[in-house]
Amino acid sequence: MNILLLAPHPFYQERGTPIAVDLLLRVLAERGEQVDVLTYHEGEDRAYPGPGAVRLFRIPPPPACRNIRPGFSLKKLAADAAMHRMALRMARRKKYDLVHAVEESVFMAMRIARRHGTPYVYDMDSSMSRQIADKLPPARALLPLMRACERRAVRGAAAVAAVCDSLADQARADGAKRVVILRDVPLLTSADAGSGSRGFRDALGIRGPALLYIGNLESYQGIDLLIESFARVPRDLGAQLVIVGGAPPHVARCQALARKLGAADAIHLIGPRPVADMAALMAEADILVSPRIHGTNTPMKIYSYMASGKAVLATDLPTHTQVLEAETACLAPPDPDAFAAAMTSLIRKPDTRARLGAAARRAVETRYSLDVFRRTLNSLYDALP
């Protein structure tokens, strides 16, 4: 099958959606598909062994569009406009059997479908209307119009591949012809876990209980909640908080908040680390934290957290509870006092941590593995007309 895959973001980068697209391309290459990937001008080229062939095409760099960050922005809008034009040219010059459209590129796929009759799969990683409304509050007045556009995109798709239950429910309610849930998978490998030099304890001199957060430091991730909650944990427990990730301005802002709360000596912001270091970092932690306060999809980190066998602490919001439950994680309200109480309880109860970590690892092995991802994607593609 000749496939045009539209990936509207810098690719490849070590963060959520590009990692998911990388996994998708690995499986499509294994299937023997012929895939042309259209993506932004930024990112790292990748190779995909297999009977199939993957070719990468990049848009010309739009003016003043460098270092494009996740989420809605004027830079992203300019890059999407350039990508839209190039997608139409590619579809005019070559006959594709299918367009696989990630996130907002579904609107490019809709136009290709109208012009050339090419069916499309909508790879739904988020609710675009809610994401834009959260990022740009004045746009909330346009929410009904944006939702109408999303519904039209869903109804026109040959299938919707939703990343989580809540988005799958939304697609079904919007009238999708077919919906599959194509969940993310853990990024850890057994080979990664053996590198103690990639951990944090020796470098930071940490001997007591350690809480670890990995991810970007955008506001929707609940980083303020994390720092404010940790500042309420009794200091005599000797706990330390390690935060991995974040752009320099976000790191500086978090450091200032830690100083303001008098907790800077116990909160360590060590900046981004490569995916290959994640297993070693998690191996040295006692509690893995996801304090997200907004969002529909489940954070990709959750699957790696669960696979690590360490206790997970997360907010009790649907973004987490569609995967985590009381048997596999400690879930607490997104309130500093309540979240701090949950932290304190886990720090004091190593047996509870061990029980939760073991249960989470079992859940990953049976429900969220690479084999499950592969089977789900293969069933989706095998059923396409």
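Throughout, read-outs are computed from the coordinates displayed, never taken from laboratory work. Remember, predicted model here, so these are calculated numbers, not experimental data. Every residue, glycine as well, gets a Cβ built from its backbone with ideal geometry; the counts of neighbours run over all protein chains shown.
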Fill in: Residue of Leu225, Leu356, Leu237 that the Gaussian network model of the chain assigns the largest fluctuation, springs spanning Cα pairs under 10 Å
Leu237
Worksheet, complete the sentence: Of 180-187, 118-125, 341-348, 204-211, ordering from highest average Cβ density within 10 Å down gives 118-125, 180-187, 341-348, 204-211
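Magnitude of the Cβ-charge dipole of segment 190-367, K/R +1 and D/E -1, about the Cα centre, nearest 20 debye?
220 debye
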Discussion item. Using Cβ counts within 10 Å as a stand-in for footprinting exposure, how do Ser290, Ser229 rank, fewest first?
Written reply: Ser290, Ser229
Worksheet, complete the sentence: proj_area_mean for segment 1-130 (convex hull on C-alpha atoms), units nm², value 7.4 nm²
Worksheet item: Assigning unit charges at the beta carbon (Lys, Arg +1; Asp, Glu -1) and nothing else, what dipole magnitude in debye, to the nearest 20, does segment 82-166 show about its Cα centre?
Response: 660 debye
Discussion item. Give me the percent relative contact order of the chain, please, defined on Cα pairs under 8 angstrom at least 6 residues apart.
Written reply: 13 percent
Worksheet item: Given the pairs Lys260/Lys301; Lys75/Lys310; Lys94/Lys177; Lys95/Lys301, which span a C-alpha to C-alpha distance of over 30 angstrom in this model?
Response: Lys75/Lys310; Lys95/Lys301
Worksheet item: Of Pro336, Pro248, Pro137, which has the largest mean-square fluctuation in a 10 Å C-alpha GNM of the chain?
Response: Pro137
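Starting from the Cα-Cα distance between His294 and Arg155, subtract it from 0.36 nm times their residue separation and give me the gain in nm to one decimal. Kindly include the intermediate steps, with their values, before the conclusion.
Details: separation 139, 0.36 × 139 = 50.04 nm, distance 2.61 nm.
Full-extension gain reported as 47.4 nm.
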Discussion item. Using only the alpha-carbon atoms, how far is helix 106-116 inclined from the longest principal axis of the chain? Give it as 0 to 90 degrees, nearest 10.
Written reply: 10 degrees
Worksheet entry | log10 of Debye I(q)/I(0), alpha-carbon scatterers only, for segment 190-367 at 0.08, 0.17, 0.19 Å⁻¹ | -0.21, -1.06, -1.38
Worksheet item: So between Gln34 and Arg273, what do we pick up on full extension, going 0.36 nm a residue minus the alpha carbon distance?
Response: 82.7 nm
Worksheet item: What is the extension gain from Arg55 to Ser219, computed as 0.36 nm multiplied by their sequence separation minus the C-alpha to C-alpha distance, in nm to one decimal?
Response: 55.5 nm
Worksheet item: With r defined as the distance between the Cβ atoms of Asp45 and Ser73 and R0 fixed at 35 Å, what FRET efficiency is calculated, to the nearest 0.05?
Response: 0.90
Practice prompt. Could you work out how far apart the two model spin labels at Asn378 and Leu261 are, taking each label as a point 7 Å from the Cα in the direction of the beta carbon, and quote it in nm?
Written response: 4.7 nm
Worksheet item: Can you give the translational diffusion coefficient of segment 1-58 in µm²/s, computed by Stokes-Einstein from the Kirkwood radius over Cα pairs at 25 °C and 0.890 mPa s?
Response: 220 µm²/s
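Can you show me the helix-derived [θ] at 222 nm for the chain, built from DSSP H runs with n ≥ 4 at -39,500 (n - 2.57) apiece and divided by the number of residues, rounded to the nearest 500.
-13000 deg cm²/dmol
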Worksheet entry | Mean Cα-pair separation over length for segment 190-367, i.e. relative contact order, pairs under 8 Å, 6 or more apart, % | 25 percent
Worksheet item: Which FRET efficiency value, to the nearest 0.05, do you get for Ala252 and Arg361 by plugging their Cβ-Cβ distance into 1/(1 + (r/R0)^6) with R0 = 35 Å?
Response: 0.45
Item to complete: Give me the distance between the Cα centres of segment 296-375 and segment 23-77, rounded to whole Å.
Response: 31 Å
